[in-house]
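Taking it in order: structure first as structure tokens, then the write-up.
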Amino acid sequence: MTSFPRGALTYRPGLARNRYNQLFTGLAAVFTALAVLPLVLVLVYVLIKGGSLISLRLLSELPPAPGLEGGGIGNALLGTLIVTLIASLIAIPVGVGSGVYLAEYSRGGAFARFVRFGTNVLAGVPSIICGVFVYGLIVATRAFAGQSYSAVAGGIALAVLMVPTVIKTTDEALKLVANELRWGALGVGASKFVTITRITLPAALAPIATGVVLAIARAAGETAPLIFTALFSPFWPDGLLNPIASMSVLIYNFAIMPYEAQISLAWAASFVLVVMILAANLLARWLGKLSRT
Amino acid sequence: MATGQRPDLFAHRRRPPGEKLLDLSFQRLTVVLASLVGLVLVGILITVLGGSREAMGQFGLGFLTTSDWDPVGGHYGAFTAIYGTLITSLLALLIAVPLGVGTAVFITENIIPLQIRQVLGVMVELLAAIPSVVLGLWAIFVMEPFLRPGLTGLHSLLGWLPFFSTEPQGPGIAPAVMILVVMILPIITAISRDSLNQVPPSLRQAAYGIGATRWGAILNVILPAAISGITGGVMLALGRAMGETMAVTMIIGNSNNFSLSLLAPGNTISSMLANQFGEADGVQVSALMYAALVLMLLTLVVNVLAQQIVRRLSLKYN
Amino acid sequence: MTVSSPSTMATDTCIAVQNVSISYGSQEAVRGVYMDIPRGKVTAFIGPSGCGKSTVLRALNRMNDLIEGCSLKGRVLFDGHDLYAKNVDPVEVRRRIGMVFQKPNPFPKTIYENIAFGARINGFRGNMDELVERSLRKAALWDEAKDKLNESGYALSGGQQQRLCIARAIAIEPEVILMDEPCSALDPISTLKIEEMMHELKKSYTIVIVTHNMQQAVRVSDVTGFFNVSNRAEGDRKVGCLVEFADTEQIFNSPSQQATQDYVSGRFG
């Protein structure tokens, strides 16, 4: 039986355990720096290379023909807004409705378990597969008025991507609403419909909005589901049943072109996209804080 | 006390039939909307399975093991792409896991002031919001030129190894791995951070209470307690890496010639789809659908495993 | 179990509970309850915790429907109609039998809207401002709230919130008001205000109140039901039952059951 050494309680940096501590802390700090570095570098490059090009002309003109100078990303900006809007108009009702079913109506039966499982599976389906699916469902079959590639097809592909996020946020936000509030409404003779639409959904609005904003932001930057559904167009949007330009596909197409003008436009589109998405994320963060107070 | 004589000002004491109908229709509507998820999943499966039938009949399981992709001759084998999918995501994981978990520890354990930790946490989360295509653009014009001298050096030093046997010429598997690391880092960090935060404070206090040093407590007590959550996050990140399309497509070089060298151009299933699906016809479409099916199954297995692991974690602590 | 007939019962029965047993899943919570709740009186349910008194209360306006796996055997007759008959709409039941809960639960709306909400969904066609004022006056909240009708219900104190919830319940002019330990989360002064208010309210409503406070039962109620946990069920399973239902005075002064005597004299519970 050896007794423990008992000396003064001063900190001795030379001890093996203290040296290990410093080593690991240093290592963790380096890892963190390495993890944050790409964000800083991407932001710096996008802001400098893209930001310096931004002008009203750039945001309002069509891209130039290959080999020519000038032009802008007006059609792609408008196209991204249109396609994302279509996706939101589909995904928000479907997602919120399914979330309401899960949180308010289902009583944990087999169907609800299946829907929750399916939501998780769908969230894990690669976005390119969503594109393949909508291609097979709508584009190849010319389901909409005999048109193949179209803004609507692109919107549906993005909606498939958004729906799982919206379902999960709605489900979780509604579960956080106190049951007493539901009872209060039912206790004055409100029907389930009135309770949900007038009391529980409004009470869960901020967290649901947070999730929806994040889902929209993510969809706006998606490319893979669009390249063979919405395709691309060098012209202004021509109705919802024709191919449509979008910023993400513009970046993809122009980045691999050998022309300086196109590459510049790709950087400019990246700038606009990143600013939009970061703004949406800050908005979501603010909404999230709002819901916690 | 006769309540019947009270003047009844409430028209809907008896609910009008319209109100009942609305109530019921709304409930039915949410059920229909909820079943759409299942419908879409089945639709995806039917589309991909149906589309790949022709190629399945023609190439059978040999499709998975041959790397002959010849649209002119009509021979297709997806081994290069399957290998590329697996090797890029596994290598990316190998690099991203220590980085991500280390970062998570750094921003959850009390090493630096809370405000800085929160800012770092937000920054890593914002990294997840940057679109993949923007990262691809950045990879082509900034990251790859920056990495190339290092990769060239690697080739001249270790060129005798098959993994570094080719001269780096720009796009290739190695840069694709690097951009995948950037993409999956936020996932691993965020989920590891959540798991670490879920470790009961009492456990932490117990470790410190018996005189453990900070890293003694972290390595021996806290990380093991959070390990299943972290593993779940790593699996989710693996699923994401395998399905990731744009950034990889832009930087991997899209070559169907098989090479063990990480410095050579390669392909993944998703980059092959992104590249060829729009212009393909005939058997090639079917072969691409077959490849898509393989990708779906791979990600499905990984994601279901991830869910199981995460579920087991939540059972343990709730 | 004894059902002695309260003297008031001869007059008029509002809700008749006949051989009611309630289970959660396979677990029986309360068994074999008979009682006749008189109209225009205050009826109190007392008893130790876990005896099923709140469960029985919630069965009176079908709030138990909202709890997963909760099932009821027996009959609950309201004005002679079985509340659990197939064709009965629970929403309509709750429009005629209102409820006030243990924890104050105002809606995240203004004070005015908290009261107007229920009236609107009940198709109120009178003057809304008058209704809000009348309801707040009845709930003894008007003087405190009249200057902040457009502020959130959460701006009120706990006791005021509970009175707002009572005002909300009486605004739809139900015939019966059920109160599930309405004062358990409140301070003594707020409790006193609510008890005073109940004396006013029973002039127009039938009130059923669950309370863990025996003095409160004595102060506010005309009729009292004493619930207890019995071990007579198989094994260790504890099941609630109604031991005695009689005039409050009789329950507290000369109960017919030994268990009631023990409970009201503070020997257990």
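Using the Cβ-Cβ distance between B:Ile227 and B:Val301 with R0 = 25 Å, the FRET efficiency computed as 1/(1 + (r/R0)^6) comes to roughly 0.75.
Please average, across the residues of C:116-126, the number of beta carbons from any other chain that are within 10 Å of each residue's own beta carbon, and give a whole number. Walk me through the numbers on the way to the answer.
Values: counts 0, 7, 7, 3, 4, 12, 9, 9, 4, 4, 3.
Counting Cβ atoms of other protein chains within 10 Å of each residue's Cβ and averaging gives 6.
Angle of helix B:223-243 to the longest C-alpha principal axis of chain B, folded into 0 to 90 degrees and rounded to 10: 70°. Simple spin-label estimate for A:Phe111 and C:Asp143 gives 5.5 nm between the two label positions (7 Å along the Cα-to-Cβ direction from each Cα). In a simple Cβ point-charge model (Lys, Arg +1; Asp, Glu -1; nothing else charged), the protein assembly as shown has a dipole of about 1640 debye relative to its Cα centre.
Inter-chain neighbour count for A:214-222: the average number of beta-carbon atoms from partner chains within 10 Å of each residue's beta-carbon is 2. Computed over region B:60-316, relative contact order equals 28 percent, with contacts defined as Cα pairs under 8 Å that lie 6+ residues apart.
Using 0.36 nm per residue, how much length does the chain from B:Gln205 to B:Arg28 gain when fully extended, once their Cα-Cα distance is taken away? Walk me through the numbers before you get to the answer.
Values: separation 177, 0.36 × 177 = 63.72 nm, distance 5.10 nm.
So the extension gain works out to 58.6 nm.
When only C-alpha pairs under 8 Å and at least 6 residues apart count, what is the relative contact order of chain C, in percent?
Numbers: 528 pairs, mean separation 73.4, N = 269.
Result for chain C is 27 percent.
Taking only protein heavy atoms and a 1.4 Å probe, the accessible area of region A:59-292 is 68% carbon and sulfur.
Towards the positive end of the charge dipole of region B:60-316, with charges on Cβ (+1 Lys, Arg; -1 Asp, Glu), say which of B:Asn197, B:Val124, B:Leu273 has the farthest Cα. The listed residue farthest towards the positive side: B:Asn197. Spacing of the modelled spin labels on C:Gln261 and C:Glu130, each 7 Å from Cα toward Cβ, amounts to 5.6 nm. Per the Debye formula on identical point scatterers at the alpha carbon atoms of region B:106-207, with no solvent, log10 I(q)/I(0) at q = 0.16 Å⁻¹ is -0.82. Taking the longest Cα principal axis of chain B as reference, the axis of helix B:79-108 is set at about 60 degrees. When exposed loop sites are taken as chymotrypsin sites (Phe, Trp or Tyr not before Pro) in a DSSP loop with at most 16 other Cβ atoms within 10 Å, the longest stretch of chain A clear of them is A:12-234.
Using only Cα coordinates, the Kirkwood hydrodynamic radius of chain A works out to 22.4 Å.
Please report the buried accessible area for the interface of B with A, total over both chains, probe 1.4 Å, in Å² to the nearest 100.
On the way: alone 17930 and 16810 Å², together 28410 Å².
What B and A bury together is about 6300 Å².
Each eigenvalue of the Cα gyration tensor of region B:60-316, multiplied by 5 and square-rooted, gives one semi-axis; in descending order these are 38, 21, 16 Å. In terms of its C-alpha gyration tensor, region A:205-276 has an oblate overall shape, because the principal axis ratio a/c (a ≥ b ≥ c, square roots of the eigenvalues) is not below 1.5 and a/b does not outweigh b/c.
Can you list the DSSP H helices in chain A whose Cα atoms extend at least 30 Å along the helix axis and whose mean Kyte-Doolittle hydropathy is 0.0 or higher? Provide the component values of the computation, followed by the final result.
Details: long enough: A:16-45 (43 Å, 1.22); A:74-100 (38 Å, 1.82); A:151-175 (35 Å, 1.15); A:260-292 (48 Å, 1.14).
In chain A, the long hydrophobic H runs are A:16-45, A:74-100, A:151-175, A:260-292.
Using Cα pairs closer than 8 Å and at least 6 residues apart in sequence, work out the relative contact order for chain A, in percent. Walk me through the numbers before you get to the answer.
Values: 392 pairs, mean separation 73.4, N = 293.
Dividing the mean separation by the residue count of chain A yields 25 percent.
Using just the Cα positions, wrap the protein assembly as shown in a convex hull and report its mean projected area in square nanometres, one decimal place.
If I average the Cα hull's projected area over directions, I get 49.9 nm².
Return the FRET efficiency for the residue pair C:Asn213, A:Gln22: r is the Cβ-Cβ distance, R0 is 51 Å, and the value is rounded to the nearest 0.05.
Working: r = 62 Å, r/R0 = 1.21.
Efficiency computed from Cβ-Cβ geometry: 0.25.
Extension gain for B:Leu61 to B:Val119 (0.36 nm times residue separation, less C-alpha to C-alpha distance): 15.9 nm.
Under a Cβ-Cβ cut-off of 13 Å, what is the net charge of the residues other than C:Val88 that fall near it, where Lys and Arg count +1 and Asp and Glu count -1? Intermediate results must be reported in sequence, preceding the final value.
Working: positive: B:Arg14, B:Arg15, B:Lys20, C:Arg62, C:Arg75, C:Lys86, C:Arg94, C:Arg95, C:Arg96; negative: C:Asp65, C:Asp79, C:Asp82, C:Asp89, C:Glu92.
Surrounding charge for C:Val88 is +4.
Placing a pseudo-label 7 Å from each Cα along the Cα-to-Cβ vector at C:Tyr34 and B:Gln198 gives an inter-label distance of 5.3 nm. As a size descriptor, the averaged projected area of the C-alpha convex hull of chain C was calculated at 14.4 nm².
Placing +1 on each Lys and Arg Cβ and -1 on each Asp and Glu Cβ, with no other charges, gives chain B a dipole about its Cα centre of roughly 1560 debye.
Tilt of helix B:283-317 relative to the longest C-alpha principal axis of chain B, in degrees (0 to 90, nearest 10)? Approximately 50 degrees, to the nearest 10. Across region A:101-134, the residues whose backbone nitrogen lies under 18 Å from the label position 7 Å along the beta-carbon direction of C:Ser71 are A:107-110.
The values are calculated or read from the model by the stated rules, or taken from the named source; none is laboratory data. Predicted model only: the values in this text are computed from it and were never measured. Cβ coordinates were reconstructed from backbone atoms using ideal geometry, including for glycine residues, and neighbour counts include every protein chain displayed. All accessible areas refer to the heavy atoms of the entire protein, side chains included, with ligands and DNA or RNA removed. Shrake-Rupley method; radii C 1.70, N 1.55, O 1.52, S 1.80 Å.
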